[in-house]
Amino acid sequence: MAAGFKTAEPLEYHRSFLKENCRPDGRELSEFRTTTLNIGSISTADGSALVKMGNTTIICGIKAELANPTAEAPGKGYIVPNVDLPPLCSSRFRPGPPGEQAQAASQFIADVIESSEVIKTEDLCIDRGKLCWVLYCDIMCLDYDGNILDACIIALLAALKNTQLAEVVVNKETSVPEVDLEKRQRLHIHKHPVGASFCVFDDSILIVDPTAEEESLSTAHLTVVTDEEDRLCSVHKPGGTPLSGEKLQECINRATTRQREIHKLIDKVLDSVKTSQ
């Protein structure tokens, strides 16, 4: 009976749970799904991480390449994020060029990298005006069940903390860069941005970490990104119904708590990786 009700009236089905301050999967309204993290899973990448939030699964691989700095920023390297939502992760996505959601996610990640200053791009410069590192951050969704933005930020941050760059010296006589793959240095991570995503039901009920079904039935989406100093890095709200200042503050408070939880999780996993090496 319940399965038929869910199929025929999905919104009413969800409302019957929300009235009792819980959700169909048993979570409370402000409860995140279990988050697991694996670091260094891609041996061919310079840094990598795999994140699972409930069924949502995201993998991030980072490849570092040498390039010429841009004329506008001769003393800086650059970071190029790309989010891929292939048909493999959900039947809602089609083969071919990136869809609107994938492009919007890539732009959101690029904005978070810039606004949070997770890495200072000056650190990626090797020889001013001549040589710098470019970090290609490929983020792929393996299983889509809502809230990919939070999972993408966690995967990116964990992969950056796992990235090691080879030592590069520019030969003064020949001006040719000499790469020493034996000597590697970790990236200096300046800030630890973490996202918390919310959905609004019936313009008033706020839920955290929505599943794909909850996202499709909601009236508004919101993602808040904060760092370890409780600094607000980004607020992303693509349309939908308006939110009161009080509700927004509630989201920011929950996001700062989430930042501490994920920061602790990443450090714990990194420590276990170092111990096993």
Potential extension, Thr241-His188 segment - 0.36 nm per residue separation minus Cα distance: 15.1 nm
Heavy-atom accessible area order for Thr56, Thr36, largest first, 1.4 Å probe: Thr36, Thr56
Dipole magnitude of the chain about its Cα centre (Cβ charges: Lys, Arg +1; Asp, Glu -1), debye to nearest 20: 320
Percent of beta bridges antiparallel (DSSP, the chain, rounded to nearest 5): 85
All aspartates and glutamates inside 14 Å of Lys63 as judged from Cα atoms, apart from same-chain residues fewer than 8 positions distant: Asp46, Asp138
Mean separation of Cα contacts under 8 Å, 6 or more apart, over the residue count of the chain: relative contact order %: 18
Helix-only CD estimate at 222 nm, as mean residue ellipticity for the chain, using -39500 (n - 2.57) per DSSP H run (n ≥ 4): -10000 deg cm²/dmol
Cross-link table Lys191/Lys264; Lys120/Lys161; Lys191/Lys268; Lys76/Lys161; Lys191/Lys237, entries beyond 21 Å C-alpha to C-alpha: Lys191/Lys237
Accessible surface of segment 1-152, 1.4 Å probe, proportion on carbon and sulfur as whole %: 51
Convex hull per residue volume in Å³, alpha carbons only, for the chain: 151
Max mean-square fluctuation residue, GNM over the chain, Cα-Cα springs under 10 Å, options Ala67, Ala159, Ala49: Ala67
Rounded if a/c under 1.5, otherwise prolate or oblate - segment 73-164, Cα gyration tensor axes: prolate
Segments 202-211, 121-130 sorted - mean Cβ within 10 Å per residue, highest first: 202-211, 121-130
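The values are calculated or read from the model by the stated rules, or taken from the named source; none is laboratory data. Quantities reported herein were computed from a predicted structural model and do not represent experimental measurements. As a convention, Cβ positions derive from the backbone with ideal geometry for all residues, glycine included, and neighbour counts pool all protein chains shown. Just so you know, the surface numbers come from the protein's heavy atoms only, side chains and all, with ligands and any DNA or RNA stripped out. Shrake-Rupley method; radii C 1.70, N 1.55, O 1.52, S 1.80 Å.
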